[in-house]
Each structure stands twice: as structure tokens, then as C-alpha cells.
Amino acid sequence: MNLHAFVKILSDSPNSAVQFLLPEGNAVPAHFHITEVARVQKDFIDCGGTLRSEAACVLQVWVADDVEHRLHADKLARIFAAAAALLKSDDLPMEVEYETDTISRFTVSDADVASTTVTLKLEAMHTGCLAPDRCGLNLLPVVGCGPTGCC
């Protein structure tokens with residue numbers, strides 16, 4: 001899901017609570033905080049020698065001890081409005097950073113809008129070889145890198 005679609009869902013459901021659903025089906029506790037809205041850009045060279053660049057909008061979600069805290073869609077939409085100049089584009093893919101045993105990043109894959117709650121479904125991110133043709137990999141889906149020395 002991109003930033004534009006994400007904010008539209010929030011704006012269309014201003015009085016709804018916001019919930020994040022982790023890939024294994026557990027919800028982030030309802031009293032979470034958004035501690036960062038960031039544009040994260042990565043410039044890199046892949047294992048085949050191609051220069052690449054990618055950017056995403058990343059929300060950092062944090063859970064504190066204030067169990068009465070709740071974030072509603074209208075407030076989260078206002079946070080994005082305040083961050084618009086920093087984000088530079090509403091076409092950025094949406095990601096969520098959340099700490100369980102380790103800090104993990106997830107893509108926002110879908111949203112379920114009910115009468116009182118917007119549930120944002122998170123999907124695990126995976127690594128993979130970006131140059132399978134240069135690494136001698138012809139398998140689909142690509143998992144890891146080949147024996148030719150790439151990666």
C-alpha cells in the first residue's frame with residue numbers, strides 16, 4: 001500500500017481507532033504510539049553491480065505503559081499532513097517498524113475498515129537476490145544468492 005492510499009483510508013474513517021495486525025495474526029497492543037514518521041531512502045549496489053535507490057514512508061510504532069492511550073485515524077492523518085514536506089511524495093510504499101524480540105519492518109499490505117476500527121494488515125519483508133541472471137540463478141521464486149560468488 002502506498003502513502004496516498006493509507007492516508008485516504010485514515011481520512012475516510014476519522015473517528016475510527018487504528019489497529020496494526022502483525023503477520024502471525026496478533027495485534028499490536030491498542031495503546032501504541034507513533035514515535036516517528038520518516039522518509040527512509042536507501043541507495044545501494046546490488047550483487048549484479050546495478051546501482052539502485054528505493055524510498056519508503058516508515059512509521060515507528062512503540063508501546064509504552066500508558067494503557068489508556070489510543071490513536072484515532074484523524075490524528076494519524078494530521079501527523080501525515082504535518083510530515084508531507086519531509087515525505088516529498090505520496091506514492092511512497094508504507095512500512096511499519098515495530099519491536100518484538102528484535103526491531104522488525106513490515107509492509108502495510110491491506111486495510112480492513114469496520115464501523116469503529118481501521119485494521120492495517122502488516123506483511124513480513126524478505127530479502128532476495130536482485131540480479132538472479134547475473135548470479136546464475138534461474139529458480140522462481142529466488143531465495144538467497146547463487147554459488148557464483150554474488151552476495
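Derivation of every value follows stated rules applied to the coordinates shown; laboratory data play no part. From a predicted model like this one, the values you see are computed outputs, not experimental measurements. For neighbour counting, all protein chains shown are included, and Cβ atoms are generated from backbone atoms with ideal geometry for every residue, glycine included.
Quick query: amide H of His33 versus all other amide H atoms, modeled in the peptide plane; which residues come in under 5 Å with a sequence gap of 5 or more or a different chain?
Trp62, Val63, Ala64
For Lys121, what residues show an amide H to amide H distance below 5 Å, using hydrogens built from the backbone and excluding near sequence neighbours?
Residues meeting the amide H criterion: Leu21, Ser109, Asp110, Ala111, Asp112.
If each Cα of segment 84-125 is one equal point scatterer, what is log10 of I(q)/I(0) from the Debye formula at q = 0.25, 0.28, 0.31, 0.32 Å⁻¹?
After summing over all Cα pairs, the log10 values are -0.93, -0.96, -0.99, -1.01.
Can you tell me the order of 5-11, 61-67, 126-132 when each peptide is scored by its average per-residue count of other Cβ atoms within 10 angstrom, highest first?
By packing density, highest mean first, the sequence is 5-11, 126-132, 61-67.
With both partners inside segment 3-126, how many of the DSSP beta bridges are antiparallel, as a percent to the nearest 5?
Counting DSSP beta bridges with both partners in segment 3-126, the antiparallel share is about 75 percent.
Can you list the aspartates and glutamates whose alpha carbon is less than 19 Å from that of Lys88, not counting same-chain residues fewer than 8 positions off?
The reachable aspartates and glutamates, counting only those whose Cα sits under 19 Å from Lys88, are Glu36, Asp43, Glu54.
Using the per-residue mean of other Cβ atoms lying within 10 Å as a proxy for protection, in what order, highest first, do the peptides 26-35, 82-91 fall?
26-35, 82-91
For Cys47, list long-range residues whose amide hydrogen, built 1.01 Å from N in the peptide plane, is under 5 Å from its own amide hydrogen.
When sequence neighbours closer than 5 places are left aside, the close amide H contacts are Leu130, Ala131.
Rounded, prolate or oblate: which one fits segment 43-103, using the alpha carbon gyration tensor with axes a ≥ b ≥ c (rounded when a/c is under 1.5, else prolate when a/b beats b/c, else oblate)?
oblate
Would you list, by chain and number, the lysines whose Cα falls below 18 Å from the Cα of Lys75, excluding same-chain residues fewer than 8 positions away?
Lys8
May I have the extent of the alpha carbons of the chain along their three principal axes, as whole Å values ordered from largest to smallest?
Taking the Cα atoms of the chain, the three principal extents are 54, 33, 26 Å.
Place a +1 charge on the Cβ of each Lys and Arg in the chain and a -1 charge on the Cβ of each Asp and Glu, then give the dipole magnitude about the Cα centre in debye, rounded to the nearest 20.
It comes to approximately 380 debye.
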